[in-house]
Amino acid sequence: LLDTLPCELLEMERSDFDAVGGHMGAMVDQVQRELAVMCNDRTGDFLDGLERVRRMQELLVAARFVCRKGRHFLESACSQLEQGDVVKRYRRKQVLLEVLALLGLLLDALDKQQRLGEVVGSARPDFELATKLSRECWEAIAV
């Protein structure tokens, strides 16, 4: 189209100018129609893309929340480690478990001692059973 235009605008006659203007107007209309068709064809893709972006934003908000909670948990754990709270709690738990085991053994020994008292204090004492229970009590306490 530009090749048909004269080099200087002054060389153009009015009729040539009107023809070129009409042809340019027709080309602009054709380009607008093609652009409108292309936009209509791509609207679905555009809306799908917007939906994906919205979902990604929601996931990003959720990820930020998880990271914030994780960061808080890690900072708390780090400060506890720095203060030695975790080691103290672990050691305290270990001591309590050991004491619990010892209390269980003592309770068992006390039961055997009570039974021993019953065996010895009965009308017909069983000294063999009494000796056995006594030995078991001492073994339990010796731990």
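The values are calculated or read from the model by the stated rules, or taken from the named source; none is laboratory data. Keep in mind that this is a model prediction, so the values were computed, not measured. A quick note on method: Cβ atoms are made from the backbone with ideal geometry, for glycine too, and the neighbour counts reach across all protein chains shown. Side chains included, ligands, DNA and RNA excluded: accessible areas come from the protein's heavy atoms. Shrake-Rupley method; radii C 1.70, N 1.55, O 1.52, S 1.80 Å.
What to note about this one:
- Residues within region 21-61 that are of a type in the set (Val, Ile, Thr) and more than 28 Å from the chain's Cα centre (by Cα), tallied: 4
- Selected residue (criterion: least open to solvent (accessible area, probe 1.4 Å)) from residues of region 102-121 that are under 15 Å from Glu139 (Cβ atoms) and of a type in the set (Gly, Ala, Ser): Ala109
- Selection count where residues are part of a loop (DSSP other than H, G, I, E, B) and in contact with a helix residue (DSSP H, G or I) (Cβ under 7 Å, 6 or more places away or on another chain), scope region 122-141: 2
- When Leu116, Leu110, Leu133, Leu129 are screened for being of a type in the set (A, V, I, L, M, F, W, C) and under 55 Å from the mean Cα position of the chain (by Cα), only Leu110 passes.
- Test: residue in region 1-14 that is outside any loop (DSSP other than H, G, I, E, B), surrounded by 10 or more Cβ atoms within 10 Å (Cβ to Cβ) and at pLDDT below 85: no
- Single condition Leu106 does not satisfy, out of (1) part of a helix (DSSP H, G or I); (2) hydrophobic (A, V, I, L, M, F, W, C); (3) free of Cβ contacts under 8 Å to residues at least 12 places away in the same chain: (3)
- The set of residues from region 46-85 being among the charged types (D, E, K, R) and modelled with pLDDT of 80 or more comprises Asp48, Glu51, Arg52, Arg54, Arg55, Glu58, Arg64, Arg68, Lys69, Arg71, Glu75.
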